[in-house]
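Visitor: The structure under discussion is supplied below as structure tokens; questions concerning it will follow.
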Amino acid sequence: MLQILWKQWSSVGIYSNLESENKFLIDPESLLCTTCFFGRFDPRLFDEVMSWLSENGHLLNIDRLKNVLKCFDDLETNILGAVSEFLVIKEKKRKWDRVVNFCKKKNRAKVQNLFLAKNFEPIPVVGEFDPVFLRWGFRRDEVNLRKRIQKIDLEKPCNLLLKMRSFFGVNARADIYVFLMFSEGDNSLQISQKIHFNQRNVYQVLNDLHRSGLVEKRNIGKRSLYTIDRSNWLSLFNNDISLSYIIWPKVFSALSYLFKSMFYQPEIFEDTYLASSEFRNISEKFIPEIEASGMRVQSSYLKRIIGEEYTAHFINYVKNILHQLAGKKI
């Protein structure tokens, strides 16, 4: 997971020696939400992301960020609340006030160390605790952002969404166009659910675009199907049609759910029978989310696996997902 996150963040301007993302379009709001949890295992990545937000946070859509955050749980909400309050107080980024107010509605757990080692043990804090993070229930050293961030290369195909936001503005219109570029079209309800915007907003934008002649509208029964001339738009923005559009909130929240299930109850997975039973339970939520994301990963065979053999097959299924996301060959 950390390799996947580093690869995507490096594609939008964080320094690393990893190659750029070359298979999937990057979703910055989903990337931020999942980094709030997995970034706990890599303090450098976590703070580099905070630096990136200070420099490039204007390209994130706060309304969409709040909708995406609902796919995760209170832990990510509290961590993002701390990050957002730091940006407001220390970096004078008033835009993040709305995220702070949204996150305050969530329950907070007891105080814990923010960063964890790879063996899951808390990383000791050296020096004073950062007061902002401590208010949100997390002990960490005082934040000192380096802000060594590269300019975002908007010509990279994976950064199409950020490029469209630079072109159209940070609003639903940019996200709708990107979705339509990589799909066969859909109705306003399905589009709003897939791009995580309010349906009324999406419906209004789609009809405005239809009246302007930029979006085609076909009535099929009671449904209205919206499409665009994909080839023209992709060529206009010099984008690679071989890249895949997947619904990242579903992928990242599912992987986060799986990891936490094992992280918080490791004793269950030490017993082969209990492990297979628990993986079956996890699958009931995990697999539908992966399938709804648009990833091409075969899972139907898992229903035929019986007994303790399920564990090995489920692990291979998850490995397949992770290898695809990391750009590795299976």
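Visitor: Tell me which residues, restricted to segment 198-215, are under 22 Å from the mean Cα position of the chain (by Cα) and either closer than 14 Å to Trp233 by Cα or crowded, with 22+ Cβ neighbours inside 10 Å (or both).
Guide: Once the filter is applied, which keeps residues that are under 22 Å from the mean Cα position of the chain (by Cα) and either closer than 14 Å to Trp233 by Cα or crowded, with 22+ Cβ neighbours inside 10 Å (or both), segment 198-215 yields only Val202.
Visitor: Give the number of residues within segment 60-70 that are hydrophobic (A, V, I, L, M, F, W, C) and either surrounded by fewer than 19 Cβ atoms within 10 Å (Cβ to Cβ) or outside any helix (DSSP H, G or I) (or both).
Guide: The total comes to 2.
Visitor: Has segment 35-54 got at least one residue that is among the aliphatic types (A, V, I, L, M), outside the structural domain of Ala174 (by TED's automatic domain parsing), in contact with a His (Cβ under 8 Å, 6 or more places away or on another chain) and in a helix (DSSP H, G or I)?
Guide: No.
Visitor: Taking the options Lys151, Lys194, name whichever one is assigned to a loop (DSSP other than H, G, I, E, B) and not assigned by TED's automatic domain parsing to the domain that holds Cys71.
Guide: Numbers: Lys194 fails: assigned to a loop (DSSP other than H, G, I, E, B).
The unique qualifying residue is Lys151.
Visitor: Out of the residues in segment 151-164 meeting the condition of being within 19 Å of Arg230 (Cβ to Cβ) and not hydrophobic (A, V, I, L, M, F, W, C), tell me which one is surrounded by the most Cβ atoms within 10 Å (Cβ to Cβ).
Guide: Asn159
Visitor: Within segment 181-194, identify whether any single residue is buried (at least 21 other Cβ atoms within 10 Å of the Cβ) and within 18 Å of Phe237 (Cβ to Cβ), and answer yes or no.
Guide: Checked against the condition, which is being buried (at least 21 other Cβ atoms within 10 Å of the Cβ) and within 18 Å of Phe237 (Cβ to Cβ), segment 181-194 yields at least one hit.
Visitor: For segment 162-179, which residues satisfy the criterion of being among the hydrophobic types (A, V, I, L, M, F, W, C) and either touching a Lys or Arg at 6+ places or on another chain (Cβ under 7 Å) or more than 14 Å from Asp208 (Cβ to Cβ) (or both)?
Guide: Leu162, Met164, Phe167, Val170, Ala174, Val178, Phe179
Visitor: Mind checking which residues of segment 165-181 are more than 18 Å from the chain's Cα centre (by Cα) and among the hydrophobic types (A, V, I, L, M, F, W, C)?
Guide: Within segment 165-181, Phe167, Phe168, Leu180, Met181 qualify.
Visitor: Starting from residues that are touching a helix residue (DSSP H, G or I) at 6+ places or on another chain (Cβ under 6 Å) and surrounded by 12 or more Cβ atoms within 10 Å (Cβ to Cβ), keep the ones in segment 314-330 and report whichever is farthest from Leu5 (Cα to Cα).
Guide: The extreme case among them is Phe314.
Visitor: What's the total number of residues in segment 257-286 that are in contact with a Leu (Cβ under 7 Å, 6 or more places away or on another chain) and closer than 17 Å to Ile306 by Cα? Show your work before the answer.
Guide: Filtering segment 257-286 for residues in contact with a Leu (Cβ under 7 Å, 6 or more places away or on another chain) gives 268, 282-283, 286.
Filter once more, so that each one left must be closer than 17 Å to Ile306 by Cα: 282-283.
The total comes to 2.
Visitor: Among the residues of segment 258-281, which ones are touching a residue at least 24 places away in the same chain (Cβ under 8 Å), buried (at least 17 other Cβ atoms within 10 Å of the Cβ) and either under 21 Å from Phe38 (Cβ atoms) or assigned by TED's automatic domain parsing to the domain that holds Asp74 (or both)?
Guide: Matches in segment 258-281: Leu258, Phe279.
Visitor: Does at least one position in segment 226-249 carry a residue that is at pLDDT below 95, part of a helix (DSSP H, G or I) and of a type in the set (Phe, Trp, Tyr)?
Guide: yes
Visitor: Which one is farthest from Trp52 (Cα to Cα), of the residues in segment 110-146 that are exposed (fewer than 14 other Cβ atoms within 10 Å of the Cβ) and under 23 Å from the mean Cα position of the chain (by Cα)?
Guide: Phe120
Visitor: Quick check: is even one residue across segment 83-105 surrounded by fewer than 13 Cβ atoms within 10 Å (Cβ to Cβ) and under 21 Å from Thr34 (Cβ atoms)?
Guide: yes
Residue-by-condition table, conditions (1) touching a residue at least 60 places away in the same chain (Cβ under 8 Å); (2) assigned to a helix (DSSP H, G or I); (3) within 17 Å of the chain's Cα centre (by Cα):
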residue	(1), (2), (3)
Phe72	yes, no, yes
Thr77	no, yes, yes
Ala82	no, yes, no
Glu85	no, yes, no
Glu91	no, no, no
Trp96	no, yes, no
Val100	no, yes, no
Lys106	no, no, no
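Visitor: In segment 282-297, what count of residues is obtained for those that are hydroxyl-bearing (Ser, Thr, Tyr) and under 24 Å from Gly39 (Cα atoms)?
Guide: Adding up the residues that qualify gives 1.
The values are calculated or read from the model by the stated rules, or taken from the named source; none is laboratory data. Because the structure is a prediction, the values reported are computed rather than measured. In this analysis, Cβ positions are derived from the backbone assuming ideal geometry, glycine residues included, and neighbour counts consider all displayed protein chains.
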